[in-house]
1. With the checklist (1) more than 8 Å from chain B (Cβ to nearest Cβ); (2) touching a helix residue (DSSP H, G or I) at 6+ places or on another chain (Cβ under 7 Å); (3) of a type in the set (A, V, I, L, M) in hand, flag the one item A:ALA16 doesn't pass.
2. Does A:ILE201 satisfy the criteria of being part of a helix (DSSP H, G or I), at negative phi and surrounded by fewer than 21 Cβ atoms within 10 Å (Cβ to Cβ)?
3. Just to check your reading of the model, which residue among B:PHE165, B:PHE153 is surrounded by 22 or more Cβ atoms within 10 Å (Cβ to Cβ), touching a Pro at 6+ places or on another chain (Cβ under 7 Å), part of a helix (DSSP H, G or I) and touching a residue at least 40 places away in the same chain (Cβ under 8 Å)?
4. Among what's in region B:100-113 and is without any contact (Cβ under 8 Å) to a residue 12 or more places away in the chain and buried (at least 19 other Cβ atoms within 10 Å of the Cβ), pick the residue that is nearest to the chain's Cα centre (by Cα).
5. Counting just the residues of region A:122-147 that are closer than 23 Å to B:VAL24 by Cβ and of a type in the set (Gly, Ala, Ser), which one comes out surrounded by the most Cβ atoms within 10 Å (Cβ to Cβ)?
6. Restricting attention to region A:228-240, does a residue exist that is facing chain B (nearest Cβ under 9 Å), part of a helix (DSSP H, G or I) and either in contact with a Pro (Cβ under 7 Å, 6 or more places away or on another chain) or hydrophobic (A, V, I, L, M, F, W, C) (or both)?
7. Assuming B:SER55 fulfils every condition listed in (1) polar (S, T, N, Q); (2) outside any helix (DSSP H, G or I); (3) under 18 Å from A:LEU23 (Cβ atoms) apart from one, which condition is it?
8. Please state which one of B:LEU221, B:LEU155, B:LEU216, B:LEU144 is within 11 Å of another protein chain (Cβ to nearest Cβ) and over 16 Å from the mean Cα position of the chain (by Cα).
Amino acid sequence: MTSGAAERRLGWALCAPAVLAMLVVTAYPILYAFWLSLHHYDLRFPDEQAFVGLRNYASVLSSAVWWQALLNTLIITITSVAVELVLGLALALLMHRTFFARQFVRASILIPYGTITVVAALAWKFAFDPTVGFVNVLFGVDQAWFSERWSAFFVIILTEIWKTTPFMALLLLAGLTLVPQELLKAARVDGASSLQRFFRITLPLMRPVLLVALLFRTLDAFRIFDTVFVQTRGAQETESVSIIGYNALIVRLNLGLGSTVSVLIFVCVIVIGALFIKGFGITLDPRRST
Amino acid sequence: MVSGARTLTGSLLQRSFWGFGSVVAVAYALLPMIWILSLSFKDKRSLTDNRFIPSSISLENYRAIADDPQFSAAIINSLGIGLISTLLAVVLAMFAAYAIVRLDFPGKRLVLLGALSIAMFPPIAIIGPLFNLWRISGLFDTWLGLIIPYMTFTLPLAIWTLSAFFRELPWELDKAARVDGATPFQTFRYVIAPLAIPGVFTSAILVFIFSWNDFLFATALTSTDDARTVPAALAFFTGSSRFEQPTGSIAAASVVVSLPIALMVLLFQRRIIAGLTSGAVKG
């Protein structure tokens, strides 16, 4: 085809617009956020802008609000991802095995994925609402779900699970199709029970896909914002870290403190990613795919 | 066929097990949507009757949102912003994916890994800087102000799915077509493009769903009907009167904005699944 140098140049030229866009809109703002986090920068008092070093970090890290929000976010993340993993695996097995209205089942499963998160949050909010909802009547309880911390968490986590389990299930389904049928058949001939086949053959072979799905969902759940905003606005101590970041930045216009929260969230995401990669040995090497 | 009878009963039992499972799964997926649909059909009096299925069907709420300028503005903003950012993201991603699949150059792993790390990037981390930059540059509360972040945050998804699709294309065909006397343009127009279109279309759907769904950028970077998209409008919906809860109108609006996506999902189900999973299995 083309000589090496020309091919190289064409390759770079074709990638340049996308790479540039990604750098300009993420790398530059995150550096700017870091700069802001070192300053006293409050849009309501623009004259008081000053360099304050790490003082913003000291005030965020010593405030109960941040630790409470971090704890809340971790509660939501861990519970919803754990339930999603189990439910998603069940759904994936179902889609893999069933021939009963297969297309219809798969299309229905995609509905939660396609639904706007705000709509899903509103639907569940109205369902649990004592005046318009059906849940209290159905279960014969008299519960104001959003006026207590744990019941509010319950609805928030339920919404998250409903909305994102299909994504998990589809990734796991793709992993299931990678398990060679002959291997399962051979194990069956050798007398392995269906449970043994699942835990000894299917699951270990699915491990790479499973871990990638877990990592993606964990990071996605960690930035939860829409559901909490719509259902409680962070009331009853259900604030997530994204909610307190948003409140500081957009509601109180305190760009200095807000950016400090942003940078801390960014650091948390890196730590979670590193834990997954180091701890579980996930490989995200794109070379495997070529 | 000694074990024929046993397999038959076994498969019957198994089949009813999976059949029952399918019913549960479908109910699980559709329940909240059926609920919001039924809520949208309730009139003012029956709104608080706590029934899952409405006792009568009223189109009152749909008439209310049809007359609401807030809602129609949001739909237009969402469609416009979503379509433009989809077009931009897919075109840029096509260039990059073509280069990654077909050309040999140092740094292409870096492009894929960079894209991947942006897919995991928390958008809240850049909300403050974008808000401030947009405020200063006049991009705040404009279409462009949302198109830029949407395009960027969907590029990784588009690059990964398109690379996966392009890898499956029979590129040798273009040599064959050239040997047969086709010009490079003809080869592209009649051989490669028709084969590539399904993949391009699939990533376009996924990208569009992302921008249609986003709430964080939409609330932080807009303030009026000029650029406020559907999710933000729904969350801040006040209705025509300040004295009643606009629950019915919100339900009707939710149904209207969910229909296009539901339709797309039903029509292109197979492609969407292929697109969503292509990156995960191979990456």
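1. Condition (2) is where A:ALA16 drops out.
2. Details: part of a helix (DSSP H, G or I): yes; at negative phi: yes; surrounded by fewer than 21 Cβ atoms within 10 Å (Cβ to Cβ): yes.
Yes: the conditions hold for A:ILE201.
3. Only one candidate passes the filter, namely B:PHE153.
4. So the first thing to find is which residues in region B:100-113 are without any contact (Cβ under 8 Å) to a residue 12 or more places away in the chain, and the list is B:103-110, B:113.
Among the residues that remain, those that are also buried (at least 19 other Cβ atoms within 10 Å of the Cβ) are: B:103, B:105, B:108.
Details: B:LEU103: 30, B:PHE105: 32, B:LYS108: 27 Å.
Among those residues, the one meeting the criterion is B:LYS108.
5. Applying the filter and picking the extreme gives A:ALA123.
6. To start, the set of residues in region A:228-240 that are facing chain B (nearest Cβ under 9 Å) comprises A:229-230.
Then keep just the ones that are part of a helix (DSSP H, G or I); that gives A:229-230.
Checking the rest, the ones that are also either in contact with a Pro (Cβ under 7 Å, 6 or more places away or on another chain) or hydrophobic (A, V, I, L, M, F, W, C) (or both) come to A:229-230.
Checking region A:228-240: at least one residue is facing chain B (nearest Cβ under 9 Å), part of a helix (DSSP H, G or I) and either in contact with a Pro (Cβ under 7 Å, 6 or more places away or on another chain) or hydrophobic (A, V, I, L, M, F, W, C) (or both).
7. Tallying (1) polar (S, T, N, Q); (2) outside any helix (DSSP H, G or I); (3) under 18 Å from A:LEU23 (Cβ atoms), B:SER55 fails exactly one: (3).
8. Working: B:LEU155 fails: over 16 Å from the mean Cα position of the chain (by Cα); B:LEU216 fails: over 16 Å from the mean Cα position of the chain (by Cα); B:LEU144 fails: within 11 Å of another protein chain (Cβ to nearest Cβ).
The conditions single out B:LEU221.
The values are calculated or read from the model by the stated rules, or taken from the named source; none is laboratory data. Remember, it's a predicted structure, so these values are computed and weren't measured experimentally. No Cβ is skipped: glycine too gets one built from the backbone with ideal geometry, and neighbour counts run over all protein chains shown.
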